[in-house]
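Novice: Input: one structure, supplied below.
The values are calculated or read from the model by the stated rules, or taken from the named source; none is laboratory data. Predicted, not measured: the structure shown is a model, and the values here were computed from it. Note: ideal-geometry Cβ built from the backbone for every residue, glycine included; neighbour counts use all protein chains shown.
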Amino acid sequence: MALPMPGSPAASWAVYRARLKAVFDGADPRVCAAFWLFGLINNVLYVIILSAALDLVGPNVPKGVVLLCDVIPSFLTKLCAPYFIHKIPYNVRICIFVALSASGMLIIALTPALQDSRTIAIKMCGVMLASLSSGGGELSFLGLTHFYGHFALAAWGSGTGGAGLVGAGAYALATNTLHISPRTSLLCFSFLPLIMLASFYLVLPLGPLKAGTSKSHAYEAIDSDDQQDEDEALEHGREHEGLLSSSAHSASERSFTSTKHSGVTGALGSFRVNLNRARGLFFPYMLPLLLVYVTEYTINQGVAPTLLFPLRDSPFTEYRSFYSTYAVIYQVGVFISRSSTPFIRIHHLYLPSFLQVANLVLLTLHAMFDFIPSYYIVCVVIFWEGLLGGLVYVSTFAEITDNVKKEDREFSLGATSTLGPAWIRLDRHAEQSRAESRHSTSQQALRSSPIPQPISSRPAMSAARAFSTAFRAAAPRAPVAARFAATRGFAAAAPSSAATKPPVALFGVDGTYASALYTASAKTSTLDNTAKSLEQLSAVFQKDAKLAEILRAPTLSVSDKQQIVQELQKHIGSDKDGIVKNFLDTLAQNNRLGVLEGVVNNFGILMGAHRGEIELVVTSAAPLDNKTLSRLESAVTKSQYVSQGQKLKVISKVNPEIRGGLVVEIGDRTIDLSVSSKMAKMNKLLKDTL
């Protein structure tokens, strides 16, 4: 649509309104509303299920299990259903899809919140039912647009674009903001498929569908002689013309066989005809759609997580916000472009596909060489990526609607969807599987090798920039050989069977490393020295809360870790025998710098036990003055809770939620004298009495 330039004689609101009205001339609001809801509801459950993956299987099961169960049934449905689904009326299909998706979500929601194999298997059955509904619904609704024209296709595309935003946002709103349990949230979402049923029977005018299906012949087979003649003509056309002509219309005219009504020769003949139709769809429509989406999801899953910038140069306070923001920006671009069919149409589908490849090359180079100066420029590229992806999606099906013969159009719309979103989901699964495979391989290396290889080998952000946010200084890089030598030095100081054991048992990864550091320091008689060094590191963590976030970043490369260790070593003070330095090298080698803060805290616990200290943690609703704390310390010291020779270490905490009184913790004992606990006991007593 060509709008007049501002300032020209034709530039007036009346002209704009008239031209906009002309664009939507012939659009039935009921058709647009129905297909928008079809696109939204059919795709939103897929997004909700992936958003709830952690809640479905728990932290110990790979989330790829959920993704696989959400992908494979949908893909297989799209792959096989176009060749027989035309025999099922649309009203029956809608009922089947609603029943499948609703029952699948109900199974997921009503299954007990356990994480044993049987419970997870039942939940995955529910996921697969919803996936079957999503795959069959997509190819059916795309085929249904054949009876309602361009505006139906535009509304469907807009609805699918909105599903990404609505799905993730709805689950986050329900569970994080409204604090509704995941089970209750999924139970509420299980009623969403009923909207499709209401849209079909109450909103969508069924006249065009009834008129179209009464005249259609539903992919009838053609005589084998006619099929042979057309195959020969098709082969002859390939010898003289390329498969990729400048006009998609001419390509489709050459590629499709017409369905003649010369009688039915059986299911095998019909299947052969449909395969021939699908073959003609591949180069003009399927390939550019597949190319643009595989490219953009490579960006989203493989490159975007590495596109980080210093927090001081961004609007964020933590690094995890970058990726989630990129995802939202991408979804906004997809939604806008999928809603743009009435205004913008592209006819050469390969052009935006190649532009998407250019986006991948640009962002990959930036991830490797860090040359884009601003986070906001990357946001623009991500938004452009979403625009291209959504535009190719809707334009592909619009081109099929325009260029494919009417008798082939319904099948073509459904079949082309097979290599679109279905392969997108497989690409997502492949990327996640590769990531989990890398993680599994690295964990095996940690268990079997004295000097494990670093986990991350992907292109990463320039961590020197990120780390300077914490320390405001850049450190020179240490030679890799020196790091390995230092690590071997630490290994040499590893405890023997006769080494001093830690005074208390600690658990977890950080507890294990703290115990190892304690044993190494005790063997070399440097416990006090090591404790002082770690106290200085603890002060660094308290001074800059962002440091722990940086150390946990999964994108740190080998060189990044070198710089981090160099900078940390500046803050450890006197380090006799290099125990702490070698320990930091070992953490970097094992990709465990993220547990350093926990190691520091756990080492403090070990040293407290070594010195005979016992912690007295006093929690009050308001800060206590020094006089009150001294009286408490004196009283507890004389009590039975402190043995002779033990030193009391007083820690004061403030928690307004206890409303008043005190909560006193001495070692592993807790004395709750708070007002909140007394109120809770009184409430329970009243409820039990009533």
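Novice: Just the residues that are hydrophobic (A, V, I, L, M, F, W, C) and touching a Ser or Thr at 6+ places or on another chain (Cβ under 9 Å), please, taken from the stretch 527-544.
Specialist: Answer for the stretch 527-544, where residues must be hydrophobic (A, V, I, L, M, F, W, C) and touching a Ser or Thr at 6+ places or on another chain (Cβ under 9 Å): L527, A531.
Novice: Please go through the stretch 278-320 and pick out each residue that is buried (at least 19 other Cβ atoms within 10 Å of the Cβ), among the aromatic types (F, W, Y) and assigned to a helix (DSSP H, G or I).
Specialist: Result: Y285, Y293, Y297.
Novice: Answer with yes or no whether L593 is closer than 19 Å to A514 by Cα, touching a Leu at 6+ places or on another chain (Cβ under 6 Å), surrounded by 15 or more Cβ atoms within 10 Å (Cβ to Cβ) and not basic (K, R).
Specialist: When the stated conditions are applied, L593 passes them.
So that you can scan it fast, the table gives a plain yes or no per residue for (1) at pLDDT 85 or above; (2) over 23 Å from the mean Cα position of the chain (by Cα):
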position: P373; (1), (2): yes, yes
position: I400; (1), (2): yes, yes
position: F411; (1), (2): no, yes
position: R425; (1), (2): no, no
position: H429; (1), (2): no, no
position: Q432; (1), (2): no, no
position: Q444; (1), (2): no, yes
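Novice: Is one or more of the residues making up the stretch 648-656 assigned by TED's automatic domain parsing to the domain that holds T619, at pLDDT below 80 and on the phi > 0 side of the Ramachandran plot?
Specialist: No, the stretch 648-656 contains no residue that is assigned by TED's automatic domain parsing to the domain that holds T619, at pLDDT below 80 and on the phi > 0 side of the Ramachandran plot.
Novice: Among the residues of the stretch 508-538, count how many are under 34 Å from the mean Cα position of the chain (by Cα) and surrounded by 19 or more Cβ atoms within 10 Å (Cβ to Cβ).
Specialist: Number satisfying all stated conditions: 5.
Novice: May I ask you to list the residues in the stretch 321-372 that are touching a residue at least 40 places away in the same chain (Cβ under 8 Å), assigned to a helix (DSSP H, G or I) and under 20 Å from L556 (Cβ atoms)?
Specialist: F322, Y326, L363, T364, H366, A367, M368
Novice: Now a separate question. Quick check on my filter: what residues within the stretch 383-412 are farther than 11 Å from Y285 by Cα and small (G, A, S)?
Specialist: Selection gives G386, G389, G390.
Novice: Somewhere in the stretch 272-280, is a residue aliphatic (A, V, I, L, M) and either over 26 Å from A398 (Cα atoms) or out of contact with any helix residue (DSSP H, G or I) (no Cβ under 9 Å at 6 or more places or on another chain) (or both)?
Specialist: The answer is no, given that none of the residues of the stretch 272-280 is aliphatic (A, V, I, L, M) and either over 26 Å from A398 (Cα atoms) or out of contact with any helix residue (DSSP H, G or I) (no Cβ under 9 Å at 6 or more places or on another chain) (or both).
Novice: Scan the stretch 296-309 and give yes if some residue there is touching a residue at least 60 places away in the same chain (Cβ under 8 Å), more than 30 Å from K87 (Cα to Cα) and touching a Gly at 6+ places or on another chain (Cβ under 6 Å), otherwise no.
Specialist: yes
Novice: Is it true that S74 is under 24 Å from A198 (Cα atoms) and modelled with pLDDT under 90?
Specialist: yes
Novice: Pairs please, first residue from the stretch 676-690 and in the same structural domain as T619 (by TED's automatic domain parsing) and closer than 20 Å to T619 by Cβ, second anywhere and of a type in the set (D, E, K, R) and assigned to a helix (DSSP H, G or I), Cβ atoms under 7 Å, 6+ apart in sequence or on different chains.
Specialist: From the stretch 676-690, the pairs are S676/E657.
Novice: Ok, one more. If I ask for residues that are within 45 Å of the chain's Cα centre (by Cα), outside any helix (DSSP H, G or I) and loosely packed, with under 12 Cβ neighbours inside 10 Å, which ones from the stretch 634-670 would you list?
Specialist: I651, D668, R669, T670
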